[in-house]
Amino acid sequence: MFNFYHVARNAFRESLREPIFFLLLCTAVVLIGLFPTLSLFVFREQIKLVMDSSMATTMVFGLIAAVLCASHTVSREMRNGTVLLLLSKPVPRENFILAKIAGITAALTVFVFICNASSLISLRIACDQFRLDFATMYVYYGLLVAACVFGAVRNYILRRSFASSAVAGMLILITGFAIILNFIPSSSDVPPYSDVMPAFFLIFFSVWIMGVITVTLSTRFDIVPNLIICSALFFSGLISDYFFGKTAEESFFSASSVFYALIPNWQFFWLADALASKKHIPVEYLFWTGLYCSIYMSFCSYLAVMLFRNKEIGGSTR
């Protein structure tokens with residue numbers, strides 16, 4: 001258990017220290033903050049536009065971040081021989097790959113948490129059809145700059161990673177600002193946090209599943225084929241209800257039912273339309289989607305253990 005914790009912690013830290021992780025997060029957060037400006041071109045649909053765009057940005061950028069984190073922390077270590085050093089110590093292969101999954105999942109949790117906090121702030125910026133809350137927008141982007149300055153100063157003085165320090169600054173500042181805005185009354189029709197948080201919480205499940213899938217594929221594939229396969233799974237999961245869902249309901253023992261079970265259905269985690277129509281998301285739905293996420297992650301984790309157990313590590317080093 002002690003070795004599991006250290007491997008998972010190192011995987012978490014390595015993911016946050018990657019410059020590409022910070023660039024993806026920074027790009028997603030900047031885009032989420034800009035979406036309210038597009039609401040000026042729609043008619044009384046600014047809240048729906050911001051929610052749809054923010055949730056889509058979080059899912060897509062979370063997918064890319066998951067692939068890159070898994071490739072950097074698993075595939076790269078198998079290429080440069082770092083895995084041989086770890087496995088020479090009392091670290092079973094099962095513990096190693098499961099710890100990598102735990103560490104990458106924790107890093108993706110930070111990624112989605114910051115994006116969701118930014119989405120809540122973005123909803124407050126799109127306060128009205130014909131005006132924006134520019135004061136909130138200026139503070140929001142000022143906090144992003146402050147987080148980058150914090151990372152630069154910490155890197156210069158303490159020689160710590162700029163990327164991880166800036167991500168920590170964004171986590172503290174943006175989350176704190178989102179909490180403060182919750183206690184400031186708004187005169188617009190922005191929905192309260194209690195209504196939108198369940199839909200944003202479901203994004204965690206989708207990114208976690210993609211993270212486990214990417215780690216599983218990283219045991220056999222490099223970053224480019226990993227990204228291609230994950231992209232295919234992502235787009236297939238978006239349309240699985242249309243192509244496989246109806247056929248699977250008619251016949252349980254069919255090829256469609258197999259594909260419907262193996263391909264993750266991302267529509268389970270996309271409830272932006274329910275929010276736009278002001279429907280309440282029940283707790284039971286969160287429970288069942290969480291159970292679906294747990295079963296799928298457990299299956300992929302078992303598959304990752306099986307694939308990594310028979311992997312020839314020495315042949316992949318240079």
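The values are calculated or read from the model by the stated rules, or taken from the named source; none is laboratory data. As the structure is a prediction and not an experimental result, all values here were calculated from the model. All Cβ positions, even for glycine, are placed from backbone atoms using ideal geometry, and neighbour counts span all protein chains on display.
Please determine whether any residue of the stretch 211-219 is on the phi < 0 side of the Ramachandran plot, assigned to a helix (DSSP H, G or I) and surrounded by fewer than 21 Cβ atoms within 10 Å (Cβ to Cβ).
no
Check L38, L86 and return the single one that is surrounded by fewer than 14 Cβ atoms within 10 Å (Cβ to Cβ), at pLDDT below 85 and in a helix (DSSP H, G or I).
Just one listed residue meets the conditions, L38.
What pairs can you find where one residue is in the stretch 1-30 and touching a residue at least 60 places away in the same chain (Cβ under 8 Å) and within 25 Å of V149 (Cα to Cα), the other is surrounded by fewer than 21 Cβ atoms within 10 Å (Cβ to Cβ) and aromatic (F, W, Y), and their Cβ atoms are less than 9 Å apart, with a gap of 6+ or different chains?
Note: pairs meeting the criteria are R17/F162; P19/F162; F22/F162; V30/Y141.
Any residue at all in the stretch 123-132 that is under 30 Å from R17 (Cα atoms) and either of a type in the set (S, T, N, Q) or part of a helix (DSSP H, G or I) (or both)?
yes
Can you name every residue in the stretch 179-200 that is at pLDDT below 90 and in a helix (DSSP H, G or I)?
Hits for the stretch 179-200 are L181, N182, Y193, S194, D195, V196, M197, P198, A199, F200.
What pairs come up if the first residue lies in the stretch 78-107 and is closer than 26 Å to V207 by Cα and among the basic types (K, R), the second is assigned to a helix (DSSP H, G or I) and at pLDDT 70 or above, and their beta carbons are under 7 Å apart, counting only those six or more places apart or on different chains?
Short answer, once both residue conditions are applied: R93/F308; R93/R309; K100/V7; K100/A11; K100/T73; K100/V74; K100/V215.
In the stretch 222-318, which helices (runs of 4 or more DSSP H) lie fully inside it and hold 1 or more residues that are under 23 Å from the mean Cα position of the chain (by Cα) and either at pLDDT 85 or above or under 21 Å from T57 (Cα atoms) (or both)?
223-238, 272-276, 283-309
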